[in-house]
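Structure, as structure tokens:
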Amino acid sequence: MLYRDRTEAGKVLAEHLQRFANREDVVVLALPRGGVPVAAAVARALHAPLDVFVVRKLGLPGQEELAIGAIATGGVCILNDEVLRYLGLLPSTIERIECRERKELNRRELLYRDGRPVLDPQGCKVILVDDGLATGSTMLAAVKAARQKNAAPVIVAVPVGAAEACAQLGRVADECVCAAKPEPFIAVGRWYHDFTQTSDEEVRSLLQHAYIHRPAAVHALEERHHL
């Protein structure tokens, strides 16, 4: 075990991101659900605003842990061509999976934000946070979506990850900060003592708390983006 829970993992990760602390041009975007407790700890340590960045893995029916791709806010869709060629899935099957996950993505957007405005990352240094990287497909979609919103640079940050996935994200994002890359990796949950699934209610609570206690500089950021 590397971490007691996601909050502790976020505190450790924040130590690797101190160069981004106390800056008005930095935003922390969390991938739900497991990434939110990690990102909340990072945002607190950096005195940076926190928002949620909804991404959904496209899992193979009956084997949902096997990712065939991912989708993100803004109509972004990333497919793992190598896996799809191996599985030989029909386009209609892929479309059905994407449609199902798009509905869930939209539901979470409404639920998590609870009427709060989206924090526009345009022109900001964006730190995308999750609780770990296994295949990297979900984070890959997040990076592409952040770039579509004109964020620059885009930094991927995780407490633990597979070396190959971190290397891949390092080529796609401007930087990939991974606090630990243990071998053999096996799975993200192996490196947490408490890897209980994060609930929707916990996500809402963390985001609401972060919104209420935003740094004063965020108000200026919102005014510039007319939020």
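Quick check, is Val83 in contact (Cβ under 8 Å) with a residue 40 or more places away in the chain and of a type outside the set (D, E, K, R)?
no
Here are the criteria: (1) closer than 23 Å to Glu24 by Cβ; (2) in a loop (DSSP other than H, G, I, E, B); (3) modelled with pLDDT of 95 or more. Tell me which single one Val177 does not satisfy.
Val177 satisfies all of (1) closer than 23 Å to Glu24 by Cβ; (2) in a loop (DSSP other than H, G, I, E, B); (3) modelled with pLDDT of 95 or more except (2).
Counting just the residues of the range 194-209 that are within 12 Å of Pro32 (Cα to Cα) and in a helix (DSSP H, G or I), which one comes out farthest from the chain's Cα centre (by Cα)? Break it down stepwise before answering.
Keep residues of the range 194-209 that are within 12 Å of Pro32 (Cα to Cα), which gives 197-204, 206-207.
Adding the requirement that they be in a helix (DSSP H, G or I) leaves 200-204, 206-207.
Numbers: Asp200: 15, Glu201: 18, Glu202: 16, Val203: 13, Arg204: 15, Leu206: 15, Leu207: 14 Å.
Only one residue tops the list, namely Glu201.
From the list Arg102, Arg107, Arg147, exactly one residue is within 26 Å of Asp200 (Cβ to Cβ), without any contact (Cβ under 8 Å) to a residue 60 or more places away in the chain, among the basic types (Lys, Arg) and in contact with a strand residue (DSSP E or B) (Cβ under 8 Å, 6 or more places away or on another chain). Which is it? Quick ask: steps written out before the conclusion?
Working: Arg107 fails: in contact with a strand residue (DSSP E or B) (Cβ under 8 Å, 6 or more places away or on another chain); Arg147 fails: within 26 Å of Asp200 (Cβ to Cβ).
Among Arg102, Arg107, Arg147, only Arg102 is within 26 Å of Asp200 (Cβ to Cβ), without any contact (Cβ under 8 Å) to a residue 60 or more places away in the chain, among the basic types (Lys, Arg) and in contact with a strand residue (DSSP E or B) (Cβ under 8 Å, 6 or more places away or on another chain).
Please tell me if Asp131 is part of a strand (DSSP E or B), surrounded by 19 or more Cβ atoms within 10 Å (Cβ to Cβ), at pLDDT 90 or above and charged (D, E, K, R). Spell out the reasoning first.
Values: part of a strand (DSSP E or B): no; surrounded by 19 or more Cβ atoms within 10 Å (Cβ to Cβ): yes; at pLDDT 90 or above: yes; charged (D, E, K, R): yes.
So Asp131 does not fit the description; no.
Do you know which residues across the range 181-227 are in contact with a Pro (Cβ under 8 Å, 6 or more places away or on another chain), crowded, with 18+ Cβ neighbours inside 10 Å and either modelled with pLDDT of 95 or more or over 30 Å from Arg116 (Cα atoms) (or both)?
Listed by number, the residues that qualify are Trp191, Thr198, Val203, Leu206.
Mind counting the residues in the range 1-18 that are acidic (Asp, Glu) and not in a helix (DSSP H, G or I)?
Of the residues in the range 1-18, 1 are acidic (Asp, Glu) and not in a helix (DSSP H, G or I).
Restricting to the range 140-154, and then to whatever is buried (at least 22 other Cβ atoms within 10 Å of the Cβ) and out of contact with any Leu (no Cβ under 6 Å at 6 or more places or on another chain), can you tell me which residue is nearest to Cys77 (Cα to Cα)?
Let us first name the residues in the range 140-154 that are buried (at least 22 other Cβ atoms within 10 Å of the Cβ), namely 140-143, 145-146, 151, 154.
Remaining after also requiring out of contact with any Leu (no Cβ under 6 Å at 6 or more places or on another chain): 140-141, 143, 145-146, 151, 154.
Numbers: Leu140: 10, Ala141: 7, Val143: 11, Ala145: 9, Ala146: 13, Ala151: 18, Val154: 18 Å.
So the residue we want is Ala141.
If you take the residues of the range 52-70 that are at negative phi and surrounded by fewer than 17 Cβ atoms within 10 Å (Cβ to Cβ), which of them is modelled with the lowest pLDDT? Show your work before the answer.
Let us first name the residues in the range 52-70 that are at negative phi, namely 52-61, 63-68, 70.
From what's left, surrounded by fewer than 17 Cβ atoms within 10 Å (Cβ to Cβ): 60-61, 63-66.
On the way: Leu60: 86, Pro61: 82, Gln63: 83, Glu64: 79, Glu65: 74, Leu66: 81.
Out of the qualifying residues, it is Glu65.
Would you check if Gly170 is modelled with pLDDT of 95 or more, surrounded by fewer than 17 Cβ atoms within 10 Å (Cβ to Cβ), in a helix (DSSP H, G or I) and touching a strand residue (DSSP E or B) at 6+ places or on another chain (Cβ under 6 Å)? Spell out how you get there, then give the answer.
Values: modelled with pLDDT of 95 or more: yes; surrounded by fewer than 17 Cβ atoms within 10 Å (Cβ to Cβ): yes; in a helix (DSSP H, G or I): yes; touching a strand residue (DSSP E or B) at 6+ places or on another chain (Cβ under 6 Å): yes.
When the stated conditions are applied, Gly170 passes them.
The values are calculated or read from the model by the stated rules, or taken from the named source; none is laboratory data. All of these numbers come straight from a predicted model, not from anything done at the bench. Cβ atoms come from the backbone with ideal geometry, glycine included; neighbour counts cover every protein chain shown.
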